[in-house]
Every structure is written in C-alpha cells, then in structure tokens.
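Notes follow the structure.
The values are calculated or read from the model by the stated rules, or taken from the named source; none is laboratory data. Note that the structure is predicted; figures quoted are calculated from it, not measured. Cβ: placed from backbone, ideal geometry, glycine included. Neighbour counts: every protein chain shown. With ligands, DNA and RNA removed, areas are computed over all heavy atoms of the protein, side chains included. Shrake-Rupley method; radii C 1.70, N 1.55, O 1.52, S 1.80 Å.
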Amino acid sequence: MRAFTLAAVACAALAHDGLPKNPELNVPGYPDCVQPVKGGNEFTLECFQKPRENKNQIRIGCVGDSITAGYLSTGGNHTYPGQLQIMLGDGYKVTNLGACGSTLLKNGNSPYWERPQYTTLINNTWDIIIIMLGTNDAKDKGSGGPPNWPHNCTGSDALKCPFAVDYHSMIEEVRKLGNPTIYTMIPPPLMKKGTYGMNQTVINDVFPTLVPAINKENNLPHPSIDIFDALGGADKASFPPGGCTLQTSKVADCADFCDQQSCDQCHPNNNGYTALAAAVKKGLSL
C-alpha cells in the first residue's frame, strides 16, 4: 500500500467522525483492506489476511481500532503492524485488522464485531492474535462522547462488567481460529482529558489493571503487553494539563504523540508507532 504524506492526508475529505480519510480506502487509517465501492465507507471494505510466501511463515493478526489501523501515521510501513513486520522479518506475516472508531463492547456505538475486519479475522486461521481494543469503549457522555463505557468495571465485580464479558467472548472466538497464541494489550495513554469524547480516567487508571485482570481470568499464557507504560503512561502525573504540544514534546513522552509530522492526544505519530511496535515485539518475546 502506498505511503501517503501528512499533507495528503490533511487535505483529504473528513470522515463522519471528523477524522481525515485515507483516500484509497475512503476511511481513516491503513488496515489491510481494499475499497471496492466508489464513495464507500468502513462497512464496504473488503479486508484480507496477508498471504504467506511459504508455509513456515508465522501468521500474526493485529486486532484493534484506529491506533492499530495507524491513523495519523504516514501509512505504508509506518503503522505499528507495518513496523512490527519489519522488526520480525521474513519468518512472519503480519496483518493489520485495525478498524477506526471500533469498540470491543457489542453494544458500543461502533462494535468491532460488525466490521469487515472482524469478518476477515474469523474467516482465517492464525498463529498469533494481538488484541488492543478499549480506547473507543472509554467514551462516555461526561467526556462529550457516546455512552459506551458502563462505569461498573472496577472493584470486586469488575470481571462481570460488559467490557470484561465481551472481551471474554472475543477471546473465545479467537481460540477457534487455529488455536492461536493470544495476547491482550493495554492501550496507550490518553494525553488530554476528553479527547475524542474519551474518559481519561478509564484509559489511564482503569485499563492498566482491568486488561491484565481479564487476561488472567481467561487463562492466557502470557501477560498483557503494556503499551500504556511503553508510550509514557508510567509518567502520567507529569502529563501537561492542556495536552501535548510542540512546546511540551520533551515532557512525559509527548514526543511519541506530538511533533511536526503529527500532534494528537490519543494517536501516536510515526515515532510513537515505531515505539509501540518495539513494545509489541518485546511482549511477544520475539
């Protein structure tokens, strides 16, 4: 897939939720899909598993939202799955199944379960599946977003909340796909309160404990991959109150979210996606 410059993305038409579109797909981001319908949308995509060049290649599927799809990267190999492919080399085949705006919650405003990426996921077999969802689930009315987050995912009954229940359902579905090794990932930090209608407390305080608890409850063989800390979450007390800017790029890992290429409070820039991929590679012990 051709890499697009930031300028090309910036001048593209805006998506329904205000995100600039990848002009080849008419949706934000760079998942492994094609757009067969002129003027189509996220539901008319046709997504595909990257074909193996030999039977020994290990097939990795990256399940996620716009952060996996590589929104605000410059496309091509600058998404985290693209960078992971480069880092792992020819013995692996990495497929980007990121769906912008998608939720793990089945009753969220845009469930991953209804996207073409999910159809591609369940219609293929895999060796490794990496799941990083939750950022859009954290949207709530109090933060200016849709009422996705159930607000009962803490305390002794946290694993009974809808997010944990639907996460279990996703893991069970993935287990049927050739018995892959499954990894869950703690999403990156949110650098500014209310960005995209997301609840910063959910992302920065709830997910770092909830996702590992879900991982353990589902008897997954490896710990959750900690993207939160890898992209500066451990330094959350130092996050700039107004979010990352070019002037605060040396504070609290803001450099992975904000530079001349891209400046956002949720999505990494190219450097941030490379750091994310390196954390994934480390988490996979590869």
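A single entry from T103, T184 fulfils the requirement of being at pLDDT 95 or above and in contact with a Phe, Trp or Tyr (Cβ under 7 Å, 6 or more places away or on another chain): T103. Summed over the range 122-132, the residues that are out of contact with any Pro (no Cβ under 8 Å at 6 or more places or on another chain) and open to solvent by less than 20 Å² (accessible area, probe 1.4 Å) give a count of 2. One residue alone among S285, S262 is closer than 26 Å to V94 by Cα and at pLDDT below 95, and that residue is S262.
Considering the range 31-53, and only residues there that are farther than 21 Å from T74 by Cβ and β-branched (V, I, T), the residue that is surrounded by the most Cβ atoms within 10 Å (Cβ to Cβ) turns out to be T44. Sub-6 Å Cβ pairs linking a first residue in the range 134-162 that is over 12 Å from Q200 (Cβ atoms) to a second residue that is open to solvent by 60 Å² or more (accessible area, probe 1.4 Å) and charged (D, E, K, R), at least 6 apart or interchain, are P147/K141; L159/E217, ordered by first then second residue.
The residue that is modelled with the highest pLDDT, counting only those in the range 249-259 that are out of contact with any strand residue (DSSP E or B) (no Cβ under 8 Å at 6 or more places or on another chain) and in a loop (DSSP other than H, G, I, E, B), is D259.
One residue stands out in the range 218-248 among those that are outside any loop (DSSP other than H, G, I, E, B) and open to solvent by less than 20 Å² (accessible area, probe 1.4 Å): the one that is nearest to I130 (Cα to Cα), namely I225.
As a summary of the residue check, T184 satisfies the conditions (1) open to solvent by 10 Å² or more (accessible area, probe 1.4 Å); (2) hydroxyl-bearing (S, T, Y); (3) outside any helix (DSSP H, G or I) except for the one numbered (1).
Of all the residues that make up the range 198-217, how many are surrounded by 19 or more Cβ atoms within 10 Å (Cβ to Cβ) and either among the charged types (D, E, K, R) or not in a loop (DSSP other than H, G, I, E, B) (or both)? Summing the residues that are surrounded by 19 or more Cβ atoms within 10 Å (Cβ to Cβ) and either among the charged types (D, E, K, R) or not in a loop (DSSP other than H, G, I, E, B) (or both) in the range 198-217 gives 12. When T119, T154 are checked against the criterion of being over 30 Å from D256 (Cα atoms) and surrounded by fewer than 16 Cβ atoms within 10 Å (Cβ to Cβ), a single residue qualifies: T119. Just to be sure, is P81 outside any loop (DSSP other than H, G, I, E, B) and at pLDDT 95 or above? Answer is yes for this residue.
State all residues of the range 239-269 that are under 18 Å from the mean Cα position of the chain (by Cα) and of a type in the set (D, E); if no residue qualifies, say none. Within the range 239-269, D256, D264 meet the criteria. When L72 is tested against the conditions (1) among the aliphatic types (A, V, I, L, M); (2) open to solvent by 40 Å² or more (accessible area, probe 1.4 Å); (3) in a loop (DSSP other than H, G, I, E, B), the lone failure is (2). In this structure, C254 qualifies as hydrophobic (A, V, I, L, M, F, W, C) and open to solvent by less than 20 Å² (accessible area, probe 1.4 Å).
Scanning the range 170-181 for residues that are in a helix (DSSP H, G or I) and surrounded by fewer than 21 Cβ atoms within 10 Å (Cβ to Cβ) returns I171, E172, E173, V174, R175.
If you filter the range 1-30 down to residues that are modelled with pLDDT of 55 or more and not in a loop (DSSP other than H, G, I, E, B), you find that the one that is surrounded by the fewest Cβ atoms within 10 Å (Cβ to Cβ) is P20. Among the residues of the range 270-286 satisfying the criterion of being outside any helix (DSSP H, G or I) and of a type in the set (A, V, I, L, M), which is nearest to the chain's Cα centre (by Cα)? The residue in question is L284. Cβ-Cβ below 6 Å, separation at least six or inter-chain, first residue in the range 191-205 and closer than 11 Å to S143 by Cα and touching a residue at least 40 places away in the same chain (Cβ under 8 Å), second among the acidic types (D, E) and part of a loop (DSSP other than H, G, I, E, B): which pairs? These pairs meet every condition: N199/D140. Out of N219, N204, I need the residue that is at pLDDT 95 or above and over 17 Å from the mean Cα position of the chain (by Cα). Which one? So the residue among N219, N204 that is at pLDDT 95 or above and over 17 Å from the mean Cα position of the chain (by Cα) is N219.
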